[in-house]
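Peer 1: Let me give you the structure first, and then I'll get to my questions.
The values are calculated or read from the model by the stated rules, or taken from the named source; none is laboratory data. Predicted model only: the values in this text are computed from it and were never measured. Positions of Cβ are generated from backbone atoms using ideal geometry, with glycine treated the same way; all protein chains shown enter the neighbour counts.
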Amino acid sequence: MVLFTGEECKALEEKAWLEARGGSVPDLDLAINCDGIGGAPGPTALSFFNFSDEAKASVMAAARSLGDSSEAEPWYESDHYLFWPSGIPAIAATSADPHRFDRLIHGPYDRAALVDIELLAQTAELCANLVREIRSPPPQQPPSQAGGGDPVVD
């Protein structure tokens, strides 16, 4: 797992990390970008990159089981841009109306009342669940007895 916070600062952290890896990220299973999440009123909006329809539906079901979430059209300008062009599955999570939220944050109207703590918690739980699912080893398959011989035992 790698965490970045530097998109508003010209993505210097992300670029340094990518450069240190030779500009390649083929061994990553998933990139999750949480940018502007928790904007009241919700829901959290999820955009998907390099996801099958089945995988997308699975993530949306998991998200909806935790609270109000919606699928959003892909948006490309944020930390996930380092990953999806390389074919890495990526999820971008934001507020349902990110453009409204963008006008309010990082300025004179930015205040804690703009953030719904419950939405933050739901998104954090979804991310944790996705990471746990990816990190879990696949279930063990029973040894094949198709050849009629004894099963292989480790």
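Peer 1: Confirm whether Ala45 is among the hydrophobic types (A, V, I, L, M, F, W, C), modelled with pLDDT of 80 or more and surrounded by 19 or more Cβ atoms within 10 Å (Cβ to Cβ). Steps first, answer last, please.
Peer 2: On the way: among the hydrophobic types (A, V, I, L, M, F, W, C): yes; modelled with pLDDT of 80 or more: yes; surrounded by 19 or more Cβ atoms within 10 Å (Cβ to Cβ): yes.
Yes; evaluated as a whole, the condition is true for this residue.
Peer 1: Which one of these does Met60 not meet: (1) modelled with pLDDT of 90 or more; (2) over 16 Å from Asn129 (Cα atoms)?
Peer 2: (2)
Peer 1: So which residues in segment 116-136 are surrounded by fewer than 18 Cβ atoms within 10 Å (Cβ to Cβ), modelled with pLDDT of 85 or more and of a type in the set (Val, Ile, Thr)?
Peer 2: Ile117, Val131
Peer 1: Name the residues in segment 85-101 that are farther than 29 Å from Ala112 by Cβ and in a helix (DSSP H, G or I), would you?
Peer 2: Pro85, Ser86
Peer 1: Quick check on Ala16: is it exposed (fewer than 15 other Cβ atoms within 10 Å of the Cβ) and in contact (Cβ under 8 Å) with a residue 12 or more places away in the chain? Talk me through it step by step, then tell me what you get.
Peer 2: Details: exposed (fewer than 15 other Cβ atoms within 10 Å of the Cβ): yes; in contact (Cβ under 8 Å) with a residue 12 or more places away in the chain: no.
Considered against the rule, which asks whether it is exposed (fewer than 15 other Cβ atoms within 10 Å of the Cβ) and in contact (Cβ under 8 Å) with a residue 12 or more places away in the chain, Ala16 comes out as no.
Rundown of residues vs (1) surrounded by 17 or more Cβ atoms within 10 Å (Cβ to Cβ); (2) closer than 17 Å to Ala11 by Cα; (3) basic (Lys, Arg), yes/no style:
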{"site": "Asp27", "(1), (2), (3)": "no, no, no"}
{"site": "Cys34", "(1), (2), (3)": "yes, yes, no"}
{"site": "Pro41", "(1), (2), (3)": "no, no, no"}
{"site": "Asn50", "(1), (2), (3)": "no, no, no"}
{"site": "Ala55", "(1), (2), (3)": "no, no, no"}
{"site": "Val59", "(1), (2), (3)": "yes, no, no"}
{"site": "Ser65", "(1), (2), (3)": "no, no, no"}
{"site": "Tyr76", "(1), (2), (3)": "no, yes, no"}
{"site": "Ala96", "(1), (2), (3)": "yes, no, no"}
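Peer 1: Which residue out of Glu8, Glu14 is touching an Asp or Glu at 6+ places or on another chain (Cβ under 8 Å), modelled with pLDDT under 80, not hydroxyl-bearing (Ser, Thr, Tyr) and not in a loop (DSSP other than H, G, I, E, B)? Please lay out each step first, then the result.
Peer 2: Values: Glu8 fails: touching an Asp or Glu at 6+ places or on another chain (Cβ under 8 Å).
The conditions single out Glu14.
Peer 1: Which ones in segment 27-84 are among the acidic types (Asp, Glu) and part of a helix (DSSP H, G or I)?
Peer 2: At the first step, the residues of segment 27-84 found to be among the acidic types (Asp, Glu) are 27, 29, 35, 53-54, 68, 71, 73, 77, 79.
Hits for segment 27-84 are Asp53, Glu54, Asp79.
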